[in-house]
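For reference, the structure discussed in these notes is given below.
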Amino acid sequence: MSDLSFIRQKYLDYMVSLGHAAVPSAALVPENDPTTLFTSAGMQSMIPYFFGQAHPEGQRVTDSQKCFRADDIEEVGDNRHTTFFEMLGNWSFGDYFKKEQITFVFNFLTRELKLDPHKLYVSCFAGNPELGIDRDDEAATTWQKLFTEVGIDAKIVTDPTQGLQDGRIFFYGEKKNWWSRSGVPANMPEGEPGGPDSEVFYDFGEQKTALADHFHAVDGPCHINCDCGRFLEIGNSVFMQYQKTSQGFVPLAQANIDFGGGLERILAAYQEQPDVFRTAAFWPLIEKIQSFSQYKYDDVEKQKYFRIIADHMKAAVMLMADGVVPASKEQGYVLRRLLRRALRQAAYLDIKQETLVELVPIVVAMYQDAYPALVAQEATISQVLAAEQQKFSKSLHKGLQEFGKMVADKQELTAAIAFKLYESFGFPFEISLEEAQVRGMQIQAGIKEQYQQLKTAHADASRTVSKNTFKSGLADHGDTVVKYHTTTHLLHAALRQVLGESVEQKGSNITADRLRFDFSFNRALTAAEKQQVEELINTWIKADLLVDKQTLPKEEALKSGAIALFVERYPSIVNVYSIGANPNGTKSGVDFISREFCSGPHVAHTGVIGEIVLDKEKAVADGVRRIYALQKSV
Ligand code: SER
C-alpha cells in the first residue's frame, strides 16, 4: 500500500474508532449546487447539516473528499500547489466541539502517524471586537495543554508579525483564522455560515527548504503563515458556529466542527518531504514523465514542467472520472484548459504529446483502492484524452503558424492579438503569453484584464462561469432553485417514460433562471417527444403530487426502486425522495412516478412549481443529450 493510501485509510479508521461514520467522497462536480463549478472544499456537501438537517449517518461523519481548485491552475509549478487534492474531513454536527476536535487532530498526527510534535505549530483566531467575537483562548490553551503533555513548553504569541519569538501557538486575525465559503466575514453574504478556525503547520526546517525552490520572504521575519516555505499548513479545524445576518453574526442553533486536512500535505510531512511532487501522491507520475524525456526532474530549470504535467494530468483524469468532458464552457472548459496546458508543457521536455495518455493508467493505479470505479473508466478516459490531444495538436499547429504571422513585425503581444488568435483558431490565451515570452516579446501591460474584457464583451460560448455561479452561496438555495431541483426529478422521470428506461441522468445544473439536465440518449428528441415530456411534467405539477423524503439503508433504497446516479458514491444510509402516485398509471403496481437517491432540498408538493417549458435540446458528447427547462413566464 502506498503511503498515500495508508494515510487516507489510517485517518478514516481513526475517525471511525472515535464514533464517526465514514462516507464516500462527493463528486468533483457538485450535484444540484448552482453556486460553484467544482467541489473545492470537503465541507461543500455538508452545509445543510450545519443548519440542523439530520445527516443520515448521524452527528459524526468522516471522509476523504476529492477537491479541485481551478483558481490555482496558474500557481502550479512550485513545490506545493496542486489543482486536485483530497481533503481528509471529520464533521461534528452539533456533537463534540473545540476541545475534543483539537485533541483528535493532535493525537492523529502525533500518535497515529507519529509525527514529531516538535515540528507542529498552530494558529488560533485573534478575535475581533467589531464582529463581537472574542479571541480564541480556549483553542490556544487546549493546544498548550496537549503540547505540555508531550513535554513541550508551548508559548503563546499574540503578535506573529514580529516573528517566531520562540512561540508555538500564534494568534492571527480573520484573514488567516476565519473560514467560510466566501472567505473573510466582510465578504460573506447574509445567511452564510462561518467561524473562527485553528490551523496546524508542519516545520520542514530552514535548511531543507532553502535547498528546494523557496527563499525567505524579505519583508519581515519568518512566521508560520509566511510564504517562505519553511512551514506548511496541513490541517484546519473550523469552529462552524456562526451565521451572518443583517444584524451581524449570530450563533447557529448548533456548534459544528469542520476539519479539513490536506491529504497530500500530511503525506509530505509524513515523508518529511517539502516537495509534494516527490511524495507518493506524485512521484509515480514524475517517474513516468522522466521515462519519456531526456530531462530529469532534478534539473531545476525543468522541474516546473514536470510538475504542471503531473498535476494537470492527474486532475484531468479525476475530473473525467466524475463525468466532465472537454468543452468550451464551464467545467468542460476548465478541463480543456488543463489538458491543453499539460500538452503544451510536453514540448518543453521534448516529449511527444501523444505519450501523455500513458499517464492515465498510473493515475488509476494510484487511486483505484479509494475510487474503484476508475478501473472501468480507464479506457474511456484514455480515448477522450487522445481525441482531445489530436484536436489540440491541430489547433496548436495552426495557431502557432498564425501567431507567427500576426506577430511577425511586432514587438509586443496585445490583448487584441491574443483574443483574435483565440477566437479564430481556439489558440489558448495562456499559450499566446508563453509563446510571446519564449520569443522575448514585450507583453502589453494589463493584458489579462483587457483580454478578459474582450471576452466578456463578445459574450461568447467560452465564458467559463455561468452567470450565477459564485454569486451568493446559500442565498441561491432560494425558492426558485428548490423548485427547479424538484422539476429535475420530474424531467428525469418523464424522459424515462417517453424515451425508455435506458435514459439515465448524466448531470444537472441549476441556476435561478433555468435548469439544465444531461441524460444518456443517442439522438435528438423529435418535436412530438419533447412535447410529450413537457406535458407529462406539467400534468404532474398540476396534480400537486406529494414529495416524500425517507431515510433508508442503501440496499433497501435500491430494492424500493430508487434510482441512484452513482451507487458506490452513496453512504450506507441514504435519503430517498419519492414523488407521488403516477396519475397516468403507466407502470403497474408502482405507486410513485419518481424515486431517487438525493440529498434535497425539494418542495413539499409539486403544485407550487408552476408551469414548466422545455427549452433547447442538443448533444453534449457521444450519446449524451442536454436539455434546458424553465418556468413559464406569467
Ligand atoms: N473548510 C475548511 C477548509 O476548506 C476545513 O475543512 O479548509
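Read-outs throughout are calculated quantities, based only on the coordinates presented, and are distinct from any laboratory measurement. Since we're looking at a predicted model, the values are computed, not measured. Neighbour counts are summed over all protein chains in view; Cβ atoms, including those assigned to glycine, are modelled from backbone coordinates with ideal geometry.
Remarks
- Rounded to the nearest 20 debye, dipole of the chain from Cβ charges on Lys, Arg, Asp, Glu: 1520 debye
- D_trans [Stokes-Einstein, Kirkwood Rh over alpha-carbon pairs] for the range 320-375, 20 °C, 1.002 mPa s, µm² s⁻¹: 170 µm²/s
- Quotient of C-alpha Rg and 2.2 N^0.38 Å, computed over the range 1-83: 1.26
- Taking packing as the residue-averaged number of other Cβ atoms within 10 angstrom, the listed peptides 616-624, 16-24, 164-172 run from highest to lowest as 164-172, 16-24, 616-624.
- Helix-only CD estimate at 222 nm, as mean residue ellipticity for the chain, using -39500 (n - 2.57) per DSSP H run (n ≥ 4): -11500 deg cm²/dmol
- Taking the DSSP beta bridges with both ends in the chain, the antiparallel portion is around 85 percent.
- Cα gyration tensor category, rounded, prolate or oblate, for the range 236-312 with a/c compared to 1.5: prolate
- For the range 200-353, Kirkwood radius (reciprocal of mean inverse C-alpha pair distance, Å): 18.5 Å
- When the square roots of the Cα gyration tensor eigenvalues are ordered a ≥ b ≥ c, the ratio a/c for the chain is 1.5 or more and a/b does not exceed b/c, which makes its shape oblate.
- Filter on Lys119/Lys175; Lys114/Lys554; Lys394/Lys618; Lys448/Lys530; Lys352/Lys410; Lys99/Lys175 - keep pairs with C-alpha separation over 32 Å: Lys114/Lys554; Lys448/Lys530
- Mean Cβ neighbour count within 10 Å, used as a protection proxy, ranking 144-152, 272-280 highest first: 272-280, 144-152
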